[in-house]
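Data block below; observations after.
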Amino acid sequence: MYGWSRAGHASQRYTTQIQRCTLQIQRCTTQAPRAVRGMADRIGVAEHKHQHILTLARTTATRYGYTPIHTPVIEYSSIFERTLGTNSDVVGKELYKFLDSSNSWMTLRPEGTASVARAIITNKLEHTMPQKLFYSESMFRHERPQRGRQRQFEQFGVELVGVAHPAADVECVQLGWDFL
(Lines give C-alpha, C1' and ligand atoms only; values in the text may rest on other atoms or scores of the structure.)
Protein backbone atom coordinates (compact mmCIF):
# COMPACT_ATOMS: atom_id res chain seq x y z
CA MET A 1 0.00 0.00 0.00
CA TYR A 2 2.87 2.31 0.79
CA GLY A 3 4.23 2.01 -2.79
CA TRP A 4 0.82 2.87 -4.23
CA SER A 5 0.42 6.03 -2.18
CA ARG A 6 3.85 7.28 -3.24
CA ALA A 7 3.02 6.57 -6.86
CA GLY A 8 -0.30 8.35 -6.42
CA HIS A 9 1.46 11.37 -4.90
CA ALA A 10 3.96 11.49 -7.79
CA SER A 11 1.11 11.14 -10.26
CA GLN A 12 -0.71 14.10 -8.66
CA ARG A 13 2.46 16.17 -8.75
CA TYR A 14 2.98 15.48 -12.49
CA THR A 15 -0.67 16.22 -13.22
CA THR A 16 -0.33 19.58 -11.46
CA GLN A 17 2.82 20.39 -13.46
CA ILE A 18 1.08 19.49 -16.71
CA GLN A 19 -1.86 21.72 -15.79
CA ARG A 20 0.53 24.63 -15.08
CA CYS A 21 2.31 24.13 -18.41
CA THR A 22 -1.03 23.98 -20.22
CA LEU A 23 -2.08 27.29 -18.63
CA GLN A 24 1.22 28.89 -19.67
CA ILE A 25 0.80 27.69 -23.26
CA GLN A 26 -2.78 28.99 -23.35
CA ARG A 27 -1.60 32.41 -22.12
CA CYS A 28 1.10 32.52 -24.80
CA THR A 29 -1.28 31.55 -27.59
CA THR A 30 -3.95 34.07 -26.57
CA GLN A 31 -1.53 37.01 -26.88
CA ALA A 32 -1.23 38.37 -30.38
CA PRO A 33 2.24 37.98 -31.89
CA ARG A 34 4.15 41.22 -32.31
CA ALA A 35 7.38 42.43 -33.88
CA VAL A 36 10.46 42.83 -31.71
CA ARG A 37 10.83 46.39 -30.39
CA GLY A 38 12.79 48.50 -32.85
CA MET A 39 12.18 46.17 -35.79
CA ALA A 40 9.42 46.61 -38.32
CA ASP A 41 7.74 44.81 -41.18
CA ARG A 42 7.91 46.45 -44.60
CA ILE A 43 4.79 45.62 -46.61
CA GLY A 44 2.95 46.97 -49.64
CA VAL A 45 3.74 50.55 -50.63
CA ALA A 46 6.65 50.79 -48.17
CA GLU A 47 8.31 47.69 -49.67
CA HIS A 48 7.61 48.92 -53.22
CA LYS A 49 9.33 52.26 -52.43
CA HIS A 50 12.25 50.44 -50.80
CA GLN A 51 12.75 48.22 -53.86
CA HIS A 52 12.55 51.24 -56.19
CA ILE A 53 15.25 53.08 -54.20
CA LEU A 54 17.46 49.96 -54.19
CA THR A 55 17.09 49.57 -57.94
CA LEU A 56 18.20 53.19 -58.46
CA ALA A 57 21.15 52.75 -56.08
CA ARG A 58 22.29 49.49 -57.69
CA THR A 59 21.97 50.98 -61.18
CA THR A 60 24.05 54.01 -60.17
CA ALA A 61 26.76 51.88 -58.52
CA THR A 62 26.92 49.54 -61.51
CA ARG A 63 27.28 52.53 -63.87
CA TYR A 64 30.41 53.50 -61.88
CA GLY A 65 31.86 49.99 -62.25
CA TYR A 66 31.00 48.66 -58.77
CA THR A 67 30.02 45.01 -58.33
CA PRO A 68 27.70 43.59 -55.66
CA ILE A 69 28.93 41.78 -52.56
CA HIS A 70 26.88 39.97 -49.93
CA THR A 71 28.35 39.19 -46.52
CA PRO A 72 26.94 37.05 -43.68
CA VAL A 73 24.57 38.71 -41.20
CA ILE A 74 26.55 37.11 -38.33
CA GLU A 75 30.30 37.64 -37.94
CA TYR A 76 32.84 36.94 -35.22
CA SER A 77 32.70 39.85 -32.76
CA SER A 78 36.42 40.50 -33.16
CA ILE A 79 35.79 41.74 -36.73
CA PHE A 80 33.90 44.77 -35.41
CA GLU A 81 35.96 45.25 -32.25
CA ARG A 82 39.14 45.58 -34.32
CA THR A 83 37.74 47.91 -36.97
CA LEU A 84 35.43 50.07 -34.86
CA GLY A 85 37.60 50.08 -31.73
CA THR A 86 36.63 48.66 -28.35
CA ASN A 87 35.95 52.15 -26.97
CA SER A 88 33.42 53.16 -29.64
CA ASP A 89 29.73 53.54 -28.74
CA VAL A 90 28.77 50.89 -31.29
CA VAL A 91 31.07 48.24 -29.78
CA GLY A 92 30.50 49.34 -26.18
CA LYS A 93 26.72 49.32 -26.03
CA GLU A 94 25.03 48.87 -29.40
CA LEU A 95 26.09 45.41 -30.63
CA TYR A 96 23.77 42.42 -30.72
CA LYS A 97 26.43 40.09 -29.34
CA PHE A 98 26.05 36.52 -28.11
CA LEU A 99 28.06 33.44 -27.25
CA ASP A 100 27.36 30.56 -29.64
CA SER A 101 27.37 26.85 -28.81
CA SER A 102 31.11 26.57 -29.54
CA ASN A 103 31.91 29.43 -27.10
CA SER A 104 32.72 31.95 -29.84
CA TRP A 105 31.49 35.52 -29.51
CA MET A 106 29.26 36.36 -32.48
CA THR A 107 27.70 39.67 -33.52
CA LEU A 108 24.83 40.63 -35.80
CA ARG A 109 26.36 42.95 -38.41
CA PRO A 110 26.15 46.61 -37.18
CA GLU A 111 27.66 48.16 -40.34
CA GLY A 112 28.97 47.01 -43.71
CA THR A 113 32.57 48.16 -44.09
CA ALA A 114 34.16 45.73 -41.60
CA SER A 115 32.44 42.72 -43.18
CA VAL A 116 33.51 43.81 -46.66
CA ALA A 117 37.12 44.19 -45.49
CA ARG A 118 36.98 40.73 -43.92
CA ALA A 119 35.53 39.28 -47.15
CA ILE A 120 38.31 40.85 -49.24
CA ILE A 121 40.98 39.28 -47.00
CA THR A 122 39.20 35.91 -46.63
CA ASN A 123 38.69 35.57 -50.39
CA LYS A 124 42.21 36.83 -51.22
CA LEU A 125 40.86 39.74 -53.27
CA GLU A 126 43.62 42.05 -52.00
CA HIS A 127 45.80 40.66 -54.81
CA THR A 128 43.47 42.12 -57.45
CA MET A 129 43.19 45.76 -56.41
CA PRO A 130 41.42 48.06 -56.71
CA GLN A 131 38.13 46.51 -55.60
CA LYS A 132 34.92 48.48 -56.28
CA LEU A 133 32.08 46.85 -54.32
CA PHE A 134 28.55 47.77 -53.25
CA TYR A 135 26.14 46.19 -50.80
CA SER A 136 22.60 46.58 -49.56
CA GLU A 137 21.99 44.62 -46.39
CA SER A 138 20.25 44.59 -43.05
CA MET A 139 22.26 45.95 -40.14
CA PHE A 140 21.54 45.67 -36.42
CA ARG A 141 22.26 47.99 -33.51
CA HIS A 142 20.90 47.59 -30.02
CA GLU A 143 20.17 51.25 -29.46
CA ARG A 144 17.11 52.86 -28.00
CA PRO A 145 14.47 52.91 -30.75
CA GLN A 146 13.16 56.37 -31.51
CA ARG A 147 11.46 58.10 -34.37
CA GLY A 148 13.34 57.32 -37.57
CA ARG A 149 15.84 54.95 -35.89
CA GLN A 150 15.27 51.23 -35.72
CA ARG A 151 17.32 48.40 -34.28
CA GLN A 152 17.21 46.66 -37.66
CA PHE A 153 17.84 48.95 -40.61
CA GLU A 154 18.95 48.77 -44.23
CA GLN A 155 22.25 50.19 -45.38
CA PHE A 156 23.42 50.70 -48.95
CA GLY A 157 27.14 51.27 -49.21
CA VAL A 158 29.99 51.45 -51.67
CA GLU A 159 33.58 50.52 -50.93
CA LEU A 160 36.48 51.54 -53.17
CA VAL A 161 39.44 49.62 -51.75
CA GLY A 162 43.06 49.79 -52.84
CA VAL A 163 43.21 53.35 -54.16
CA ALA A 164 45.15 55.77 -51.94
CA HIS A 165 44.42 58.86 -54.03
CA PRO A 166 41.81 61.44 -52.93
CA ALA A 167 40.10 60.90 -56.29
CA ALA A 168 38.69 57.66 -54.82
CA ASP A 169 36.81 59.65 -52.16
CA VAL A 170 35.62 62.10 -54.81
CA GLU A 171 34.29 59.20 -56.89
CA CYS A 172 32.29 57.83 -53.93
CA VAL A 173 30.82 61.28 -53.19
CA GLN A 174 29.98 61.81 -56.88
CA LEU A 175 28.27 58.40 -57.00
CA GLY A 176 26.14 59.39 -54.00
CA TRP A 177 25.31 62.74 -55.59
CA ASP A 178 24.28 61.06 -58.87
CA PHE A 179 22.08 58.65 -56.95
CA LEU A 180 20.26 61.50 -55.24
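The values are calculated or read from the model by the stated rules, or taken from the named source; none is laboratory data. Just so we're clear, the structure is a prediction, and the values are computed from it rather than from any experiment. Virtual Cβ from ideal backbone geometry, glycine too; neighbours counted across all protein chains shown. Remember, those area values only see protein heavy atoms, side chains included, never the ligands or the DNA or RNA. Shrake-Rupley method; radii C 1.70, N 1.55, O 1.52, S 1.80 Å.
The table below lists the values:
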| item | result |
| --- | --- |
| Where a residue in region 134-149 is hydroxyl-bearing (S, T, Y) and its partner, wherever it lies, is assigned to a loop (DSSP other than H, G, I, E, B) and at pLDDT 90 or above, with Cβ under 6 Å and at least six apart | Y135/I69; Y135/G112 |
| Residue ID - surrounded by the fewest Cβ atoms within 10 Å (Cβ to Cβ), chosen from residues in region 100-118 that are free of Cβ contacts under 8 Å to residues at least 24 places away in the same chain and of a type outside the set (G, A, S) | N103 |
| Residues of region 84-121 classified as over 22 Å from E154 (Cβ atoms), modelled with pLDDT under 90 and not in a helix (DSSP H, G or I), total | 3 |
| Complete set of residues in region 122-149 that are part of a loop (DSSP other than H, G, I, E, B) and over 22 Å from F98 (Cα atoms) | N123, K124, T128, M129, P130, R147, G148 |
| I53 at pLDDT 95 or above, over 14 Å from R141 (Cβ atoms) and not in a helix (DSSP H, G or I) | no |
| Counted residues, region 26-44 - those being modelled with pLDDT under 85 and assigned to a loop (DSSP other than H, G, I, E, B) | 2 |
| Residue within region 76-83 that is modelled with pLDDT of 95 or more, closer than 30 Å to Q51 by Cβ and either open to solvent by less than 50 Å² (accessible area, probe 1.4 Å) or under 13 Å from the mean Cα position of the chain (by Cα) (or both) present | no |
| Test result for I121, more than 25 Å from R37 (Cα to Cα), buried (at least 18 other Cβ atoms within 10 Å of the Cβ) and of a type outside the set (D, E, K, R) | no |
| Region 140-164 - residue that is surrounded by 18 or more Cβ atoms within 10 Å (Cβ to Cβ) and more than 14 Å from the chain's Cα centre (by Cα) and, of those, farthest from V36 (Cα to Cα) | L160 |
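Here is a yes/no grid of residues against (1) in contact with a Phe, Trp or Tyr (Cβ under 6 Å, 6 or more places away or on another chain); (2) closer than 21 Å to L56 by Cα; (3) among the small types (G, A, S):
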| residue | (1), (2), (3) |
| --- | --- |
| K124 | no, no, no |
| H127 | no, no, no |
| E137 | no, yes, no |
| H142 | yes, no, no |
| A167 | no, no, yes |
